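Right, one structure below, let's go through it.
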Amino acid sequence: MLFAVVFAIPVGLLVWVSLWRYDPASFGSTAPTLENYARLLGDSFYLGILGRTLLLGVVTTAATLLVAYPMALVLTRVPPRLRSALFLLLLVPLLMSVVVRVFGWMVILGNPGIVNTVLMSLGILEQPVRILGSMTAVVVGLVQVEMAFAVMPIYAALATVNADIRQASRTMGAGPLTTFVHVTLPLSLPGVHAAATLIFSLSVAAFVQPQLLGGSSFMVMTTLIYEQVSVTLNWPFAAAAGVILLTGALASLLVMNRLFRALQPWEGIR
Amino acid sequence: MRRLGAQVAILAYLLAMAAFLLGPVLVVMAISVNPFGYSIFPPRGFSMRWYLEVLNDPQWRASIGISLLIALASSVIVTTTGTMAAVGLRRWNSAFRDGLVAVLMSPLLLPGLITGLAILFFFSLVGALGASWTLILGHAVITYPYVLRLVYAALSRDTATYEEAARTLGASPVVTFFQVTLPLIRSGIFGGAVFAFIISFDNITVSIFLSNPRMVTLPIRILEHIQWSGTPSVAAISTMMVVVTGGMALLIERIGGLQSVFGGVPDESR
């Protein structure tokens, strides 16, 4: 019961603190003010960070779905033994610390890093390219960590797609590609929707990847919050940024809901 | 011929995925045994130098101890209270119960950094900031949902029937709980405890706000080390962490399967 009390208040606490006035001398004044929000939403620098965060969410979601969908499809078509092995391959990395995996990516993508060394020795690159500090690096780091979360719901949806329906489509003369595009893919959309919701939420909330792979040149809401708390010590502003992040993420998810509903017009009929 | 081509394509895709998912961790492991003072891949030579360095460094040792202590303490707290809550929740009527479960699960839905921020505000408001138990309690808050879910899932099976049988045969409620209920849900409790330990041991988003110079958890020290220094000692400590969490992952897989922990997909092969 004690725990319930601890949980019920986090968002309320966040909103409350976000209404404080920042005062370096004392901890904060109690007169509520909206100036933290005004500062956040009135400054193109902070709006840019919010936009970058949401863009990162969209790009990562698209990239993860592209990589995860074939994996889910393969999982439904392979013998059980191989399927178990593949599940293990997907799940074991989840239990390894995010910091460790991101450190691995820093070595791979850095300068001099593995990618740069290989590309230069192959003669593809003349000069090493700077990957760390870009959106590409952050997306790669996120996709690797979040892939399993996307494969699971898509696999679950695909597993319910009746083999008889696919067979029927083939019997009617549709080729494998037509069957996939018109039968399998549409029927798996609920799983894709669930995966997209999860991946987007995880991506905009990610902290370690933007902090280490993006750095100061790729600041997002979470790294802004951390900087405000630990460097600037402006807690009310950090709280306001947290509320904005939650609101922005929620609004984006609602838009995504709309989009998926438009893609599945038969949903209401079935 | 086309079938063969498709199979080769699938195999290539799976190998690429394996490299993508396991590559970063393998790279870190390879770096940890290189004898030079910087992170280089592929390793030239073999040395345990960085392992000795980490194990002889008082700061690394302190962080290892702190992280182990916090993970152990918080998982003990969470497992006992979580099991009690799960057993108790079953007795209530459904509407109230569903609401309570939703509240207890909320740290799963909120971004980790936001939960961390709220926990920081909470401890600051009650004037407990800097106390060592704040880290333990903070970790307990975020690992609680996992234990609750696992124990609750274990309970929902046929336990009620067996309990009723025991009561009919004359066993007291206490005897029934310890002799019937507890053995039936043992794997759920154990899985929850191990999972809580791993989550706490790897946690960044709560620790980053509650750590102070006297108390730095292992992942936070790794994070700082990667950002400011970057000697291969961080690869050595990371490898040790992977071995600890990897071993625990195997333990879970042995007990009940990783998939059930992630609320995943029923696997007919099992």
| remark: Counting only backbone N atoms under 12 Å from a point 7 Å out along Cα-to-Cβ of A:Asn111, the residues of the stretch A:131-159 in range are A:131-134
| 11 Å beta-carbon shell around A:Thr76, net charge (K/R +1, D/E -1) | +3
| Inter-site label distance for A:Leu47 and A:Arg258 at 7 Å from Cα along Cβ, in nm | 2.0 nm
| When only Cα pairs under 8 Å and 6 or more residues apart are kept, what is the percent relative contact order across chain A? | 29 percent
| said: Can you tell me what percent of all Cα-Cα pairs in the stretch A:36-265 are more than 25 Å apart? | reply: 52 percent
| message | Can you tally the net charge around A:Val204? Count Lys and Arg as +1, Asp and Glu as -1, for every other residue whose Cβ sits under 14 Å from the Cβ of A:Val204. | response | 0
| Using the alpha-carbon atoms, what tilt in degrees (0 to 90, nearest 10) does helix A:80-91 show relative to the longest principal axis of chain A? | 10 degrees
| query | Where the only charges are on Cβ atoms (+1 Lys, Arg; -1 Asp, Glu), what is the dipole of chain A about its Cα centre, to the nearest 20 debye? | reply | 760 debye
| query | For B:Ala16 and B:Val174 in the same chain, what is the full-extension length gain: residue separation times 0.36 nm, less their Cα-Cα distance, in nm? | reply | 51.4 nm
| In degrees between 0 and 90, to the nearest 10, how far off the longest principal axis of chain A does helix A:185-205 point, with axes built from Cα atoms? | 20 degrees
| message | Give the average, rounded to an integer, of partner chain Cβ atoms located within 10 angstrom of each Cβ in A:79-92. | response | 5
| Using a Förster distance of 60 Å, how high is the FRET efficiency between A:Leu233 and B:Phe46, based on the Cβ-Cβ distance and rounded to 0.05? | 0.85
| message | Counting only other chains, and only Cβ atoms inside 10 Å, what mean value do you get across the residues of B:9-21? | response | 4
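Values in this text are rule-based calculations from the coordinates and carry no lab data. Being a predicted model, the structure only gives us computed values, none of them experimental. Ideal geometry is used to build each Cβ from the backbone, glycine not excepted, and the neighbour counts take in all protein chains shown.
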